[in-house]
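The block underneath contains the structure these notes are about, expressed in structure tokens.
The values are calculated or read from the model by the stated rules, or taken from the named source; none is laboratory data. Note that the coordinates shown come from a computational prediction; the quantities given were computed from them, not determined experimentally. Here the Cβ positions follow ideal geometry from the backbone for every residue, glycine too, while neighbour counts run over all protein chains shown. Note: areas computed on protein heavy atoms with side chains; ligands, DNA, RNA excluded. Shrake-Rupley method; radii C 1.70, N 1.55, O 1.52, S 1.80 Å.
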Amino acid sequence: MTVKVMLAGCGNMGYAMLSGWLKSGKLRPGETFVIEPNAELRARAKALGSEVGSDAGEIPTGAVVPTLIVLAVKPQVIRDVTAGYQRFGDGRTTFLSIAAGTAMATFEEILGERAPIIRCMPNTPASIGKGMMVTFANERVSDETLAFVADLLSASGEVASINDERLMDAVTAVSGSGPAYIFHFIECLTAAAESAGLPAETAKLLAMQTVYGAASLAAESGENPGVLRQQVTSPNGTTAAALAVLMGEDRLKQLVTEAVEAAKLRSIELGR
Ligand SMILES: NC(=O)C1=CN([C@@H]2O[C@H](COP(=O)(O)OP(=O)(O)OC[C@H]3O[C@@H](n4cnc5c(N)ncnc54)[C@H](OP(=O)(O)O)[C@@H]3O)[C@@H](O)[C@H]2O)C=CC1
Ligand SMILES: O=C(O)[C@@H]1CCC=N1
């Protein structure tokens with residue numbers, strides 16, 4: 001077995017990325033090794049064809065030098081978990097952390113001065129190849145490794161990079177957490193549809209398809225969302241009545257700005 005990618009933590013986000021990589025064929029199952037203490041989640045990873053173990057001690061000894069170790073555990077435990085992989089810090093393996101907040105300097109301190117490290121902020125639509133992945137790499141990551149990682153991540157969706165690590169907290173607040181905001185909007189629109197008299201199933205279908213259709217139109221047309229909004233809004237019509245509620249005193253904009261700011265501050269806190 002030639003393990004290219006080891007994944008520490010195969011919960012919500014780790015599994016989303018792993019399944020994107022395996023389903024797209026970017027990695028063959030035998031090239032992945034998952035370390036996950038939860039037996040159910042281990043079984044789920046094994047079902048994708050990955051080799052699995054319950055802790056770092058189960059990594060096959062000998063010749064296994066993975067190209068990439070993905071750290072996909074909660075920020076609260078990532079320092080301890082990373083310390084368990086110090087032996088791979090000789091420069092041959094690149095580390096990729098997806099943890100919110102945890103700074104590059106923290107990983108450099110734990111893994112030593114030779115380890116190439118990339119911070120990446122993904123999101124869960126990665127599981128169906130529609131994620132947003134943003135990376136920040138330290139200077140030890142070679143161009144060749146950057147290309148390998150970018151190619152791998154491209155199986156999960158769009159990939160962008162930043163050169164200023166401080167922006168990672170804003171990235172986390174927008175695209176990392178962002179799917180939850182949209183899911184909540186779907187919940188709200190579904191509830192509003194039911195309040196307006198629609199049966200539950202119809203309410204759900206209308207809310208979901210409307211968000212899906214609008215996002216797809218915005219992405220595929222390349223048109224400014226403001227222009228697309230105006231195309232829906234007949235003078236003195238129904239949409240104008242609704243937008244007066246959402247846009248009056250910048251209500252929704254204000255709320256979304258506050259939400260993103262709260263997530264950004266929490267990301268900064270998690271890094272302390
Ligand atoms: N969920 C999301 O949408 C996103 C999450 N992230 C980041 O991804 C990381 C993981 O989040 P998420 O997937 O939601 O969390 P989960 O709790 O779903 O997954 C983390 C998994 O890691 C396991 N774990 C704990 N200790 C170890 C260990 N020593 N070795 C290997 N695995 C271990 C946990 O097991 P157990 O529960 O038994 O402890 C759990 O199953 C976080 O740092 C988060 O900030 C980033 C972007 C988006
Ligand atoms: O909620 C969190 O902290 C993680 C990071 C971004 C999305 N989920």
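Within the range 24-50, track down each residue that is under 22 Å from A83 (Cα atoms) and in contact (Cβ under 8 Å) with a residue 24 or more places away in the chain. If you could, list the steps in order and put the result at the bottom.
Here is the first cut: in the range 24-50, the ones under 22 Å from A83 (Cα atoms) are 32-38, 42.
Of everything in the range 24-50, those that are under 22 Å from A83 (Cα atoms) and in contact (Cβ under 8 Å) with a residue 24 or more places away in the chain turn out to be T32, F33, V34, I35, E36, N38, R42.
Is there a residue in the range 82-96 that is open to solvent by less than 10 Å² (accessible area, probe 1.4 Å), of a type in the set (V, I, T) and assigned to a strand (DSSP E or B)?
Scanning the range 82-96, I find at least one residue that is open to solvent by less than 10 Å² (accessible area, probe 1.4 Å), of a type in the set (V, I, T) and assigned to a strand (DSSP E or B), so the answer is yes.
Tell me, yes or no, whether the range 57-79 has at least one residue that is free of Cβ contacts under 8 Å to residues at least 40 places away in the same chain, more than 16 Å from ligand 2 (Cβ to nearest atom) and open to solvent by less than 50 Å² (accessible area, probe 1.4 Å).
The answer is no; no qualifying residue exists.
Identify all residues within the range 181-214 that are open to solvent by less than 40 Å² (accessible area, probe 1.4 Å) and in contact with an Asp or Glu (Cβ under 7 Å, 6 or more places away or on another chain); write none if there are none.
Filtering the range 181-214 for residues open to solvent by less than 40 Å² (accessible area, probe 1.4 Å) gives 186, 190, 193, 203, 207, 211, 213.
Selection gives A203 alone.
Yes or no: E223 acidic (D, E), away from ligand 2 (no atom under 16 Å from the Cβ), part of a helix (DSSP H, G or I) and not assigned by TED's automatic domain parsing to the domain that holds C120?
Taking the combined requirement at face value, the residue does not satisfy it.
State all residues of the range 8-54 that are hydroxyl-bearing (S, T, Y), within 12 Å of ligand 1 (Cβ to nearest atom) and closer than 17 Å to G131 by Cα; if no residue qualifies, say none. Show your work before the answer.
Initial filter on the range 8-54 (hydroxyl-bearing (S, T, Y)): 15, 19, 24, 32, 50, 54.
Now narrow it down to the ones that are within 12 Å of ligand 1 (Cβ to nearest atom): 15, 54.
Answer for the range 8-54, where residues must be hydroxyl-bearing (S, T, Y), within 12 Å of ligand 1 (Cβ to nearest atom) and closer than 17 Å to G131 by Cα: just Y15.
Would you pick out the residues in the range 118-167 that are among the hydroxyl-bearing types (S, T, Y), assigned to a helix (DSSP H, G or I) and within 16 Å of ligand 1 (Cβ to nearest atom)? Spell out how you get there, then give the answer.
Start the filter on the range 118-167 by keeping residues that are among the hydroxyl-bearing types (S, T, Y), which leaves 124, 127, 135, 142, 145, 154, 156, 161.
So of that shortlist, the ones also assigned to a helix (DSSP H, G or I) come out as 124, 127, 145, 154.
Answer for the range 118-167, where residues must be among the hydroxyl-bearing types (S, T, Y), assigned to a helix (DSSP H, G or I) and within 16 Å of ligand 1 (Cβ to nearest atom): T124, S127.
Please work out which one of (1) exposed (fewer than 13 other Cβ atoms within 10 Å of the Cβ); (2) within 23 Å of A115 (Cβ to Cβ); (3) among the acidic types (D, E) is the condition E36 fails and give its number.
Among (1) exposed (fewer than 13 other Cβ atoms within 10 Å of the Cβ); (2) within 23 Å of A115 (Cβ to Cβ); (3) among the acidic types (D, E), the lone unmet condition for E36 is (1).
So which residues in the range 162-180 are under 23 Å from I128 (Cβ atoms) and surrounded by 14 or more Cβ atoms within 10 Å (Cβ to Cβ), if there are any at all? Walk me through it before giving the result.
If we filter the range 162-180 for residues that are under 23 Å from I128 (Cβ atoms), which is where we start, we get 171-180.
Correct list: V171, T172, A173, V174, S175, G176, S177, G178, P179.
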